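Participant: Got a structure for you, questions after.
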Amino acid sequence: MNRGLGGAVVCSMLVLPALLALAAAQPPSPAALSPAQSASRPPSPTAARAPAPSQSAPPPPPAAQAGKPSPSPRPAPAPLTPPPRAAPTPPPASPVPAAPRPAQKPPSSPPAAPAPRQSSQPPAAPQAPPAPRPAPTPPPPTSAASPRPTPSPAAPAPRQSPPPAASPPPPAPPQPSSNSTPSTSSTLGQLSPSFYAESCPGVELAVRDVVRSASTLDPSIPGKLLRLVFHDCFVEGCDASVLIQGNGTERTDPANLSLGGFNVIDAAKRLLEVVCPATVSCSDIIVLAARDAVVFTGGPAVPVSLGRRDGLVSLASNVRRNIIDTGFSVDAMAASFTAKGLTLDDLVTLSGGHTIGSAHCNTFRERFQVTNGSMAPVDGSMNTDYAGELIRACSAANGTVSAGAAVACDSGSASAFDNRYFANLLEGRGLLRTDAVLVQNATTRAKVEEFARSQDGFFASWAESYARLTGLSVKTGADGEIRRTCSSVNG
């Protein structure tokens, strides 16, 4: 027993100087502490850093047992556990009180007898290291850095400086985005199939119902509506200027005296003013009504763009220089179409609109001559049988041409929108001179023959040409107005 105790004393005496030498080399502030305190100070950093668990644990027990054996083991583990938990604030205060106590009591180190009691505790000391291994070991270095509060304010300072610099840019982008409102207003000036999607979503259904009801009561309505859109768009563009009543308006020109379908447009407008007041233009109603007239008679349902505004000017003097006269040649019609951005193909396709409707006898009287109270065809290209039919239909009792009589534009198929019109042209059965001349020009005749062979080809071309026709010189954006009544401008 004595040998064991003596060996333990010798070992402790050998280990203690080595630890004291190591601790003397490690402390950062030797000048502020006495040599006795420096010997007692090293245990705290070693406990904080915990790189040498086996050596750091033994120094505290002898220093603690110098005073009282029972409380000494309790304060030793205490510094091990608190540093990781309250490292930021308490570490500077905790080592100061602990240092003076061991510094005053190391001279009474001779009591080596309690060493064997700690020899039973070393196994407990190795159990302490596993606790700091997982997470406590990294935090102590950070806690060691914690006593440097001076650089910490410098760190937040640079962090705060960038935010103010970054904050001004964000308000700048929203300002340009707000300037995008003018661009959206400019887009409102463009036609679109969904123009009334929010302001009047039922506009197309309302116009379609009115056209269907009117056409059911009067089979001549579809042809009248189709002719109305031609006469409107070719003069001042598609702006409903042809609807305005009054002295000297387009409606008073002789070329427009035979127009019809005004009552249908007015009925649709009255309905829409109840559902969507001051929203849908009369010019859009004309375009929709003519499209629906084609559908009602079996033609293609083509999509149309909307958003036109109604014109403020309607002059009879603008009609004759823009409208196609029934006595025009192909060259004269081609010049008029080209001036409006339309092509010869558009000319032939849109002439196919004559497949429905009728015409008064005085509109083609130049194709006949009256001699001794009888009518005779002047145009030798007209089919003889067809010429006889027209003479019988248009002859008045006094041997003159009846101004009030009317005949179908498309012989045998005037109530259906189809390609029969082109087949009739090839057979010499064109009613108007502008119809008959289409087969006398090589370019236009080729297109007539194409449409006579394929109704699908005619329908496809019709959709494209109708879109171009109804886009002539439209007024959008701030131009024109939305009339409350189609027959007069807003007053």
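The values are calculated or read from the model by the stated rules, or taken from the named source; none is laboratory data. Quantities reported herein were computed from a predicted structural model and do not represent experimental measurements. Because the Cβ atoms are built from the backbone with ideal geometry, glycine has one as well, and the counts that use them run over all protein chains shown. For the accessible areas, the whole protein counts, side chains as well, though only heavy atoms, and no ligand, DNA or RNA atoms are used. Shrake-Rupley method; radii C 1.70, N 1.55, O 1.52, S 1.80 Å.
Participant: Tell me, in nm to one decimal, what length is gained between Ser258 and Leu205 on full extension, where the rule is 0.36 nm per residue of separation less the Cα-Cα distance?
Facilitator: 16.3 nm
Participant: Can I ask one more? Taking 60 Å as R0, compute the FRET efficiency from the Cβ-Cβ separation of Glu198 and Thr384 and round it to 0.05.
Facilitator: Efficiency for this residue pair is about 0.55.
Participant: Can you work out the FRET efficiency for the pair Val295 and Asn372, with r the C-beta to C-beta distance and R0 = 45 Å, to the nearest 0.05?
Facilitator: About 0.40, to the nearest 0.05.
Participant: What does the accessible area of Asp331 come to, in Å² to the nearest 10, when a probe of 1.4 Å is used?
Facilitator: The accessible area of Asp331 comes to roughly 120 Å².
Participant: Counting only other residues whose beta carbon sits under 12 Å from that of Cys486, what net charge do I get with K and R as +1, D and E as -1?
Facilitator: Net local charge, Cys486 excluded: -2.
Participant: Ok, one more. Which order do you get for Lys224, Lys475 if you rank them by accessible area with a 1.4 Å probe, largest at the top?
Facilitator: Correct descending sequence by accessible area is Lys224, Lys475.
Participant: Ok, one more. Given labels modelled 7 Å from the Cα in the Cβ direction, how far is it in nm from Ala405 to Ala278?
Facilitator: Each label point lies 7 Å from its Cα, and together they span 5.2 nm.
Participant: While we're here: Largest first, what is the accessible-area ranking of Asp253, Asp209 with a 1.4 Å probe?
Facilitator: So, going from the largest accessible area down, we get Asp209, Asp253.
Participant: At 7 Å along Cα-to-Cβ for each site, give me the label-to-label distance between Asp325 and Ser454 in nm.
Facilitator: Inter-label distance under the simple model: 3.7 nm.
Participant: Any idea of Thr443's accessible area? Nearest 10 Å², probe 1.4 Å.
Facilitator: 80 Å²
Participant: So what does Ser411 come to for accessible area, using a 1.4 Å probe and Å² rounded to 10?
Facilitator: It works out to around 20 Å².
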